[in-house]
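Novice: Let me begin by handing over the structure; questions about it come next.
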Amino acid sequence: MPPEALTGGRLALTGLLGCLISPVTWVHHRVWLVPALVLLVGRFVFDVPFPAQFGLFVLVFLLSAAAVFAVVADYTQAPRWQRATTAAAWITDPPTRVGSRHRQTTRFLGRDMSASYEVTKLEPGRSITIRSIDAPFPMTITRTVEAVDGGTRVTEVSEGGPAGLARVVAPLMVPMARRSIRRDYERLRELLEG
């Protein structure tokens, strides 16, 4: 685990030790218990590493790999199947290639957040990787499509999460994000196969 991943834990530990060492601890200093408990619960109950890997998702579609890749690699189609995505548009001209950028708006905790993403790796018809450029949460997402008996397997690996002090809430956000991504892929399967 990289040292920068431990920043939230170090901060919480420093606060807790200060409360324990001080002979007279003011009651409001016990606020350090909250981030410490969130970090402990996230790490040991939900097994959430820092930085978070939101998931490795694998679903099988009853369609050709080319048909599925055309949808999962075209981020402007995200509002069709990703519930939280309200808008998406390419910033750069087609075709999609390494360096292509798109902007999307996502609804999160009742607020709209816009972010730009850049394609960093592309194997046409097989795999695409994007990374956030100006998102509030640094993210890297890789989607891989491969033909299997009777259909197509789609695998997504999403990594990243909040930066700075907001990392304290990552253990609470990761299980929510995993459920949301799984529901989105199930919705995509219904749209494509239905």
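Novice: So, with a 1.4 angstrom probe, what is the percent of accessible area on the range 60-194 that is carbon and sulfur?
Specialist: It is 54 percent, rounded to a whole number.
Novice: Averaging sequence separations of C-alpha pairs under 8 Å and six or more residues apart, then dividing by the length of the range 89-194, give the relative contact order as a whole percent.
Specialist: Relative CO of the range 89-194 lands at 13 percent.
Novice: Assuming a ≥ b ≥ c are the square roots of the Cα gyration tensor eigenvalues, decide whether the range 58-131 counts as rounded (a/c under 1.5), prolate (otherwise, with a/b larger than b/c) or oblate.
Specialist: oblate
Novice: What is the packing order of peptides 70-76, 145-151, 183-189, taking the mean over residues of other C-beta atoms within 10 Å and listing the highest first?
Specialist: 70-76, 183-189, 145-151
Novice: Now for a different question. Please give, to one decimal in nm, the separation of the simple spin-label points placed at D134 and F108, each 7 Å out from Cα toward the Cβ.
Specialist: Each label point is offset 7 Å from its Cα along the Cβ direction, giving 1.6 nm.
Novice: To continue, here is another question. Rounded, prolate or oblate, given the Cα gyration tensor of the range 88-194, with a/c below 1.5 counting as rounded?
Specialist: Cα axes put the range 88-194 in the oblate bin.
Novice: Same structure, new question: Residues with amide H under 5 Å of L63's amide H, sequence separation 5 or more or different chain, H placed in the peptide plane at 1.01 Å from N; which?
Specialist: Amide H to amide H, under 5 Å and 5 or more residues apart or across chains, L63 pairs with T152.
Novice: What FRET efficiency comes out for I21 versus A147 if R0 is 41 angstrom and r is the Cβ-Cβ distance? Round to the nearest 0.05.
Specialist: So, using R0 = 41 Å, E works out to roughly 0.10.
Novice: Here's something else I'd like to know. With θ set to phi - 60°, apply the Karplus curve 6.51 cos²θ - 1.76 cosθ + 1.60 along the range 65-76 and write out the HN-Hα couplings as whole Hz, x wherever there is a Gly or Pro.
Specialist: The phi angles translate into 4, 4, 5, 5, 4, 4, 8, 6, 8, 9, 5, 6 Hz.
Novice: What residues have an amide H closer than 5 Å to that of I133, excluding those fewer than 5 places away on the same chain, when H is modeled at 1.01 Å from N in the peptide plane?
Specialist: Close amide H contacts, sequence-distant or interchain: S116, Y117, E118.
Novice: Now, a different point. Could you order the peptides 114-120, 87-93 from most to least packed, using the average number of other C-beta atoms within 10 Å per residue?
Specialist: With the highest mean Cβ count within 10 Å placed first, the list reads 114-120, 87-93.
The values are calculated or read from the model by the stated rules, or taken from the named source; none is laboratory data. Since the model is a prediction, treat every value here as computed from it, not as a measurement. Positions of Cβ are generated from backbone atoms using ideal geometry, with glycine treated the same way; all protein chains shown enter the neighbour counts. We work out accessible area using only protein heavy atoms, side chains counted, and drop any ligands, DNA or RNA first. Shrake-Rupley method; radii C 1.70, N 1.55, O 1.52, S 1.80 Å.
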